[in-house]
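Below you'll find the structure, written out as structure tokens, and then a few comments.
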Amino acid sequence: MKHEYSTKLWQEASKLFPGGVNSPVRAFRGVGGTPFFTARAHGCRLWDVDGNEYIDYVGSWGPMILGHAHPKIVRAVQEAARNGTSFGTPNPNEIRLARLVCEAYPSIQKLRFVNSGTEATMSAIRLARGFTKRNKIVKFDGCYHGHADSLLVKAGSGGATFDVPDSAGVPADFARNTLTLTLNDIAGLKRVNWSEIACAIIEPVPGNMGLIPLTIEFLQTLRQVIHDSGALLVLDEVMCGFRVAKGGAQELYGITGDLTTLGKIIGGGLPVGAFGGRAEIMDCLAPTGAVYQAGTLSGNPLAMAAGIATLEELFKPGNYEKLEQLSATLCDELKKIVPGYHTRVGSKFCTFFTDVPVVDYATAKTSDTKKFGRYFHAMLENGVYLAPSQFEVGFMSLAHTGADIEATLRAAREAVKAL
Ligand code: HOZ
């Protein structure tokens, strides 16, 4: 493959943006080399500015579950744009999208739209603190909940990719109110004095240290120990919401969040986030309550239109079954080709280059990241784009076909030769 134009753009971008990018993991530092610049995307494919074509398993980090440039989303956005791109007043599409969300998530009685997953989790934490009148929160090692200060503690994702456990610039006083526990460690849950905790926040399908499936026992115990303490359970479904099932992890595992955070798929590729839950909690938000939260572009008409089009299409009968079948076919075959520890929940998947079972952040970190880098580049050279870090995950879309999976497996057979 030739990358001349991407290389030239990279030199220019590096002068303009820290590390050449507007989000760290895109810089390819976790795998070496320099990133390609995308010119266009359609279905499950990306084309870079040099004309190279890739089967895409990143899907803009999750939102593109229908594939890129889906005609219904493109039309919905075009029609919405014709009527204005932002009003700063309530608009009817906020109600339509909210209804689709609440229908799929019975635990969400009321919600608020924001502009990113980070905003959703940051606001949900503030709300939990305001509602409970407690300061301390619990999070789990390696779970990433966006980059709000109190959540950048042992936060996986970019931090794991660059081996920076915690961010500079977060005062120790903030981090002191964040307790961290180990995923899948039931005994650890029982050691916490929950009566002094505002909330526990967790990715019920952790996908920011690679993909680590949680046991149902662990999730149910977490729900149980929190239940009578007055603390809240915040389920961060920004990544897994509407992906692992119509009702997300809550439907898949039969657990209920007091608050839920969403993003990615509900914006169909436009910037969006949401947090919601029981009405008595949500009504503590301004203007009905004392917890302040606001946003100029919140409920943006283009994002709402893209989200409605995405969910209406996704909810059509058979789509979740199709996603499951495509993902299972790919991952079952990959397991036979690529030595390592493979994980999958629904249409999220990951290959760890380690011999030990990966059950938490510590075991995820046993992965050979150099080997992952060689695998990543060999796949790319063979036309398959995986997330450029061992500590991210793959996303299947409804636009992938059996032929795309065959092509991916052929690429994997070539790639293992480079290991
Ligand atoms: N939040 C993503 C990592 N889990 C990275 C998003 C991006 O770089 O676009």
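The values are calculated or read from the model by the stated rules, or taken from the named source; none is laboratory data. What you see is a predicted model; the values in this text were computed from it and never measured. In this analysis, Cβ positions are derived from the backbone assuming ideal geometry, glycine residues included, and neighbour counts consider all displayed protein chains.
Filtering segment 113-136 to residues that are in a strand (DSSP E or B) and buried (at least 23 other Cβ atoms within 10 Å of the Cβ) leaves PHE113, VAL114. Scanning segment 269-328 for residues that are in contact with a Lys or Arg (Cβ under 9 Å, 6 or more places away or on another chain) and hydroxyl-bearing (Ser, Thr, Tyr) turns up TYR292, SER298, THR310, TYR320, SER327.
This table checks each residue for (1) aliphatic (A, V, I, L, M); (2) within 16 Å of the ligand (Cβ to nearest atom).
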{"position": "ALA175", "(1), (2)": "yes, no"}
{"position": "GLY210", "(1), (2)": "no, yes"}
{"position": "THR215", "(1), (2)": "no, no"}
{"position": "LEU222", "(1), (2)": "yes, no"}
{"position": "LEU232", "(1), (2)": "yes, no"}
{"position": "ASP236", "(1), (2)": "no, yes"}
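Just one of the listed residues (ALA160, ALA249) is within 30 Å of VAL31 (Cβ to Cβ), buried (at least 24 other Cβ atoms within 10 Å of the Cβ) and at pLDDT below 95, namely ALA160. Filter segment 21-51 down to the residues that are part of a loop (DSSP other than H, G, I, E, B), surrounded by fewer than 18 Cβ atoms within 10 Å (Cβ to Cβ), over 21 Å from the mean Cα position of the chain (by Cα) and of a type outside the set (A, V, I, L, M) and list them by number. Answer for segment 21-51, where residues must be part of a loop (DSSP other than H, G, I, E, B), surrounded by fewer than 18 Cβ atoms within 10 Å (Cβ to Cβ), over 21 Å from the mean Cα position of the chain (by Cα) and of a type outside the set (A, V, I, L, M): GLY32, GLY33, THR34, PHE37, ASP50, GLY51. Filtering segment 34-45 to residues that are closer than 22 Å to TYR375 by Cβ and either more than 16 Å from the ligand (Cβ to nearest atom) or among the β-branched types (Val, Ile, Thr) (or both) leaves THR34, THR38, CYS44, ARG45. Within segment 374-386, one or more residues are in contact (Cβ under 8 Å) with a residue 60 or more places away in the chain, under 21 Å from GLY142 (Cβ atoms), of a type outside the set (Lys, Arg) and out of contact with any Cys (no Cβ under 9 Å at 6 or more places or on another chain). In the set (1) surrounded by 18 or more Cβ atoms within 10 Å (Cβ to Cβ); (2) within 16 Å of the ligand (Cβ to nearest atom); (3) not polar (S, T, N, Q), PRO18 fails one condition alone, (1).
Output yes when any residue across segment 140-149 is of a type in the set (A, V, I, L, M, F, W, C), in contact with a strand residue (DSSP E or B) (Cβ under 6 Å, 6 or more places away or on another chain), away from the ligand (no atom under 16 Å from the Cβ) and at negative phi, and no when none is. Within segment 140-149 (the criterion being of a type in the set (A, V, I, L, M, F, W, C), in contact with a strand residue (DSSP E or B) (Cβ under 6 Å, 6 or more places away or on another chain), away from the ligand (no atom under 16 Å from the Cβ) and at negative phi), the answer is no, since none of the residues qualifies.
Please work out if THR354 is over 27 Å from PHE36 (Cα atoms) and of a type in the set (Ser, Thr, Tyr). Yes.
Being closer than 22 Å to GLY142 by Cα, of a type in the set (S, T, N, Q) and out of contact with any Pro (no Cβ under 9 Å at 6 or more places or on another chain): is that true of THR288 here? Answer is no for this residue.
Out of segment 192-208, which residues are among the hydrophobic types (A, V, I, L, M, F, W, C) and in a loop (DSSP other than H, G, I, E, B)? Once the filter is applied, which keeps residues that are among the hydrophobic types (A, V, I, L, M, F, W, C) and in a loop (DSSP other than H, G, I, E, B), segment 192-208 yields VAL192, VAL205. Taking the criterion of being more than 14 Å from the ligand (Cβ to nearest atom), in a loop (DSSP other than H, G, I, E, B) and within 30 Å of GLN11 (Cα to Cα), would at least one residue in segment 69-89 satisfy it? Yes; the residues of segment 69-89 include at least one that is more than 14 Å from the ligand (Cβ to nearest atom), in a loop (DSSP other than H, G, I, E, B) and within 30 Å of GLN11 (Cα to Cα).
Screening ILE55, ILE108 for residues that are part of a loop (DSSP other than H, G, I, E, B), of a type in the set (A, V, I, L, M, F, W, C), more than 16 Å from the ligand (Cβ to nearest atom) and within 29 Å of GLY210 (Cβ to Cβ) leaves exactly one candidate, ILE108.
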